[in-house]
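Asks: This is the structure, below, for whatever I ask next.
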Amino acid sequence: MMLELTQTDYEAIRAHGEETYPHECCGVFLGTASADQIQVSEIVRAGNTRLDSLHNRYNIDPGELIKIQRQARNKGLDIVGFYHSHPDHPAMWSSTDFAEAHWYGCAYSITSVDKGKANLTNAWVLTGSSEEDKKFETIEIKRS
């Protein structure tokens, strides 16, 4: 399994993390998915509504997510993943990231932003079919 996105989109998600530093940024991947690839056609920035803990948590308002989903459908696309940043923290999912992940088959990408500069970007796919058997599996990021 791999996450494929353009170099421009890859750079854009990293820039988003730098722009919102020292707070977490978040956004949505729109595209198509198959058994072995998640193809990102567009990224959509989202607002972080976790005002109580912007430096280490994110949340996308459900109303905004519905608008993004409608936007995707109008273009013949699906929501295929999510991205966010970890300010001054590794590009590794946290227990909170895992607990709040519910979009099975979708990619989850994290960029570490160290002292305001994007560092490492990693990605995982959420596998399973329920809370009891879900897990993150590391996937390659392919830039085209």
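Asks: Leaving out ligands, DNA and RNA but keeping every protein chain, what accessible area does His55 have, in Å² rounded to the nearest 10, with a 1.4 Å probe?
Replies: Answer for His55: close to 110 Å² accessible.
Asks: Between Ser144 and Asp61, with labels modelled 7 Å along Cα→Cβ, what's the label distance in nm to one decimal, could you check?
Replies: Calculated label separation equals 3.4 nm.
Asks: Next up: Which chymotrypsin sites (Phe, Trp or Tyr not before Pro) from segment 104-142 combine a DSSP loop assignment with at most 14 other Cβ atoms within 10 Å? Before the final figure, lay out each step's value.
Replies: Working: sites: Tyr104, Tyr108, Trp124, Phe136; in loops: Tyr104.
Sparse-neighbourhood loop chymotrypsin sites (Phe, Trp or Tyr not before Pro): Tyr104.
Asks: By the scheme Lys and Arg +1, Asp and Glu -1, what is the net charge of all other residues having a beta-carbon under 15 Å from that of Asn59?
Replies: For residues surrounding Asn59, the net value is -3.
Asks: Here's another thing I want to ask about it. Contact order normalised by length for segment 2-143, with contacts defined as Cα pairs under 8 Å and 6 or more residues apart; what percent is it? Kindly include the intermediate steps, with their values, before the conclusion.
Replies: Values: 310 pairs, mean separation 37.2, N = 142.
Over segment 2-143, the number comes to 26 percent.
Asks: Return the lysines within reach of Lys115: Cα separation strictly under 27 angstrom, same-chain partners fewer than 8 residues apart disregarded; answer none if there are no such residues.
Replies: Lys142
Asks: Still on this structure: Can you tell me the accessible area per residue over the chain, all protein chains present, probe 1.4 angstrom, in square angstrom? Present the calculation step by step, with values, prior to reporting the outcome.
Replies: Numbers: 7360 Å² over 144 residues.
Each residue of the chain exposes 51 Å² on average to a 1.4 Å probe.
Asks: Ignoring ligands, DNA and RNA, please state the percent of accessible area on segment 2-143 from carbon and sulfur, probe 1.4 Å.
Replies: On the way: 3570 of 7190 Å².
Whole-percent figure for carbon plus sulfur exposure: 50.
Asks: Would you mind putting 6-16, 24-34 in packing order, based on average other-beta-carbon counts within 10 Å, highest first? Mind showing how you got there, number by number?
Replies: Details: 6-16: 16.6, 24-34: 21.4.
Descending packing order for the listed peptides: 24-34, 6-16.
Asks: Net charge near Met2, counting Lys/Arg +1 and Asp/Glu -1 over other residues with Cβ under 10 Å of its Cβ?
Replies: Numbers: positive: Lys142; negative: Glu4, Asp36, Glu140.
Overall, the nearby charge balance is -2.
Asks: Between rounded, prolate and oblate, where does the chain land on the alpha carbon gyration tensor, with a ≥ b ≥ c its root eigenvalues, rounded for a/c under 1.5, else prolate if a/b exceeds b/c? Write down the numbers at each step before the final one.
Replies: Values: a/c = 1.27, a/b = 1.23, b/c = 1.03.
Judged from the Cα gyration tensor, the chain comes out rounded (a/c under 1.5).
Asks: Among residues other than Ile141 whose Cβ falls under 13 Å from its Cβ, what is the net charge (Lys/Arg +1, Asp/Glu -1)?
Replies: Values: positive: Arg14, Lys142, Arg143; negative: Glu4, Asp9, Glu11, Glu140.
Residues near Ile141 contribute -1 overall.
The values are calculated or read from the model by the stated rules, or taken from the named source; none is laboratory data. Worth saying up front: this structure is predicted, and the values here are computed from it rather than measured. Methodologically, a virtual Cβ is constructed for each residue, glycine included, from the backbone with ideal geometry; neighbour enumeration extends over all protein chains shown. What goes into the accessible areas is simple: the full protein's heavy atoms, side chains included, and nothing from ligands, DNA or RNA. Shrake-Rupley method; radii C 1.70, N 1.55, O 1.52, S 1.80 Å.
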